[in-house]
Amino acid sequence: MEYIIGIIGLIIGGLVAYLFAKKQVDNRGDLLYNEAKEKAVKLETEANKLKLEAESILKEANKEGESIKKEKILQAKEKFLELKAQHEESVNQREKKVSDREKVIKEKEHKLNEGLADLKKNRKSLVAEQADFEEKKSVLYRKIDEVNLNHKKQVELLEKISGYSAAEAREELVQSLKDEAKTKAQAHIQEIMDEAKLNAQDEARKIVIQSIQRIGTEQAIENSVSVFNLENDDIKGRIIGREGRNIRAIEAATGVEVIVDDTPEAIVLSCFDPIRREIARLSMHKLVTDGRIHPGRIEEVVAKTSKQIEDEIISVGKKTVIDLGIHGLNPELIRIIGRMKFRSSYGQNLLQHSREVAHIAGTLAAELGLNAKLAKRAGLLHDIGKVPEQESELPHAILGMQWAEKYGEHPEVVNAIGAHHDEIEMTSLLSPIIQVADAISGARPGARRQVVESYIQRLKDLESTALGFDGVQKAYAIQAGRELRVMVDCEKVDDLRANELSFLITDKIQNEMTYPGQVKVTVIRETRAVHIAK
């Protein structure tokens, strides 16, 4: 029984709980429904507001569009009126031009009519003048006939008196005039030629002297050895190294012979190539300054110095062509020009010599009215064949000519380089100018390497050699020792002996003397007859 009552109570409790829960759910649903309804009302209100705003915006846009439309229509009307006014103005201008042209045409037509009337009047007067002229012409012809008749009578009378016909007399007169004119012309021609020769010599001398005076460059003397000075003799041992390994390393790296002798505080560097000698000298200076002297360091310093010298060569070449105002040279030619700084010819620095030749050639060409820039170019390049990196059997002029042709130089420059020592034929006026400029630069006393005493002694030896022959009265060495003038006794030396004497003197100079270039021997024999009037 209790069990049944418990079940019934449980059922009743569950029913009550269900009813309570249902009531709670219904209350919550009503609450959510009311909230959703309120939100819907709010959204509807906002939508109405947005609709009203959109309608107002649409109305304003319509109004603005109408106003813009009206404004554009007004602008179009104004533009139309403006174009119409411009068109009417252009039409009026054209009409005005047409009317002006019509006026001009009418004025020209009026003037033409007036001119036509004047022409008719002039024609009538011309006809009258022509009739008068014909009458005067007939009178003149009659007078001419009378003159001719009188002339003929006078000619016949002269022929009878002189015994010559008119044709013979005319021919005789013409021939005499021809002879006289020929004589005067020949005298005049000879006078002109003498004056031209005199002026040409004076002008040539003036040009050469001006060129020499205007060019004054320093001359550097290069030797085949360089002396490297040391602070003290203790450094010599470090330069020699253990068993001479440092010297052997220097000689192997530079190709220069290092001579360490008893000379105090000095080492001699000997090499025929001045570039290699300069590399060795600079490398030695760096090694001594740094203090680290061993084979590895020697090779490193020599490599850096070689690169430095190569850069200096290019820099010197560029500076030279800029100083001379020469443009467009091939880079390889610029490098060759830079190498000339370290080369000498008979002791005369080759770069300074070439610069001097360029200046002299430019001056000569300018004085003669030729291309001065081309002359400078040829003068600078004329000795480039003297600085080959590998020795060649070709003459330096031919080698330089081949290089210039290879690197695209002007044909006149190429010919001037090849012909400045007469190896090839000269084909332009530039070639003799370069030859003359080269001679001027190299022939001056002191330009080539020789001390004054040795130069003077060589000249004295030349004169003494000639004076040692029988019959020689005087001997003069001129042109910096390039020519020897020998005066002989005309009673002791005849013409045949003079020629033989010239040969003997030349042979003795060749066998017994050392000299640069050539020596020209001129034997002069002259006979003088002197009388004194008292």
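Would you confirm whether or not region 373-390 contains a residue that is more than 17 Å from GLY317 (Cβ to Cβ), touching a His at 6+ places or on another chain (Cβ under 7 Å) and either free of Cβ contacts under 8 Å to residues at least 40 places away in the same chain or surrounded by fewer than 20 Cβ atoms within 10 Å (Cβ to Cβ) (or both)?
Step one: list which residues in region 373-390 are more than 17 Å from GLY317 (Cβ to Cβ), which gives 373-375, 390.
Going one step further and asking which of them are touching a His at 6+ places or on another chain (Cβ under 7 Å), we end up with 374.
Cutting the leftovers down to either free of Cβ contacts under 8 Å to residues at least 40 places away in the same chain or surrounded by fewer than 20 Cβ atoms within 10 Å (Cβ to Cβ) (or both) gives us none.
No; the residues of region 373-390 include none that is more than 17 Å from GLY317 (Cβ to Cβ), touching a His at 6+ places or on another chain (Cβ under 7 Å) and either free of Cβ contacts under 8 Å to residues at least 40 places away in the same chain or surrounded by fewer than 20 Cβ atoms within 10 Å (Cβ to Cβ) (or both).
If ILE337 satisfies all but one of (1) in contact (Cβ under 8 Å) with a residue 60 or more places away in the chain; (2) hydrophobic (A, V, I, L, M, F, W, C); (3) under 30 Å from GLN308 (Cβ atoms); (4) crowded, with 24+ Cβ neighbours inside 10 Å, what's the number of the condition it fails?
ILE337 satisfies all of (1) in contact (Cβ under 8 Å) with a residue 60 or more places away in the chain; (2) hydrophobic (A, V, I, L, M, F, W, C); (3) under 30 Å from GLN308 (Cβ atoms); (4) crowded, with 24+ Cβ neighbours inside 10 Å except (1).
Across region 255-270, which residue is modelled with the lowest pLDDT among those that are surrounded by 21 or more Cβ atoms within 10 Å (Cβ to Cβ) and within 23 Å of LYS307 (Cα to Cα)? Talk me through it step by step, then tell me what you get.
Taking region 255-270 as the starting set, the residues that turn out to be surrounded by 21 or more Cβ atoms within 10 Å (Cβ to Cβ) are 256, 258, 267, 269.
Next, only the ones that are within 23 Å of LYS307 (Cα to Cα) stay: 256, 258, 269.
Details: VAL256: 75, VAL258: 78, LEU269: 78.
Only one residue tops the list, namely VAL256.
Just a yes or no: is a residue in region 348-358 crowded, with 22+ Cβ neighbours inside 10 Å, of a type in the set (Val, Ile, Thr) and modelled with pLDDT under 85?
Checked region 348-358: no residue is crowded, with 22+ Cβ neighbours inside 10 Å, of a type in the set (Val, Ile, Thr) and modelled with pLDDT under 85.
To keep it simple, each residue is scored yes or no on (1) in a helix (DSSP H, G or I); (2) over 21 Å from the mean Cα position of the chain (by Cα).
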site	(1), (2)
GLY328	no, no
HIS353	yes, no
HIS359	yes, no
ALA365	yes, no
GLU405	yes, no
GLY408	no, no
GLU425	no, yes
VAL436	yes, yes
ILE440	yes, yes
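So is GLU243 acidic (Asp, Glu), in a helix (DSSP H, G or I) and under 29 Å from LYS386 (Cβ atoms) or not?
In short, no.
Condition check ((1) at pLDDT below 80; (2) in contact with a Gly (Cβ under 6 Å, 6 or more places away or on another chain)) across all residues:
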site	(1), (2)
ALA437	no, yes
VAL451	yes, no
ILE456	yes, no
THR465	no, no
CYS490	no, no
LEU501	no, no
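So in region 303-326, with the set limited to residues that are touching a residue at least 24 places away in the same chain (Cβ under 8 Å) and open to solvent by less than 30 Å² (accessible area, probe 1.4 Å), which one is farthest from the chain's Cα centre (by Cα)?
THR305
Inspect region 189-204 for any residue being farther than 30 Å from THR363 by Cβ, modelled with pLDDT under 75, of a type in the set (Asp, Glu) and assigned to a helix (DSSP H, G or I) and give the result as yes or no.
Taking region 189-204 and keeping what is farther than 30 Å from THR363 by Cβ, we get 189-191.
Pick out the ones that are also modelled with pLDDT under 75 and you get 189-191.
Keeping just the survivors that are of a type in the set (Asp, Glu) gives 191.
Imposing the further condition that a residue be assigned to a helix (DSSP H, G or I) reduces the set to 191.
Yes, that holds for at least one residue.
Here is a list: LYS120, LYS137, LYS97. Which entry is assigned to a helix (DSSP H, G or I) and modelled with pLDDT of 85 or more?
LYS97
Which of the residues spanning region 284-302 are part of a helix (DSSP H, G or I), open to solvent by less than 80 Å² (accessible area, probe 1.4 Å), closer than 20 Å to ASN232 by Cβ and not β-branched (Val, Ile, Thr)?
MET284, LYS286, LEU287, ASP290
Can you spot a residue in region 440-448 that is buried (at least 19 other Cβ atoms within 10 Å of the Cβ), modelled with pLDDT of 85 or more and under 22 Å from VAL321 (Cα atoms)?
no
The values are calculated or read from the model by the stated rules, or taken from the named source; none is laboratory data. This is a predicted model, so every value here is computed, not measured. Reconstructed Cβ throughout: ideal geometry from the backbone, glycine too, with neighbour counts over all protein chains shown. Heads up: the accessible areas ignore ligands, DNA and RNA and are worked out on the full protein's heavy atoms, side chains in. Shrake-Rupley method; radii C 1.70, N 1.55, O 1.52, S 1.80 Å.
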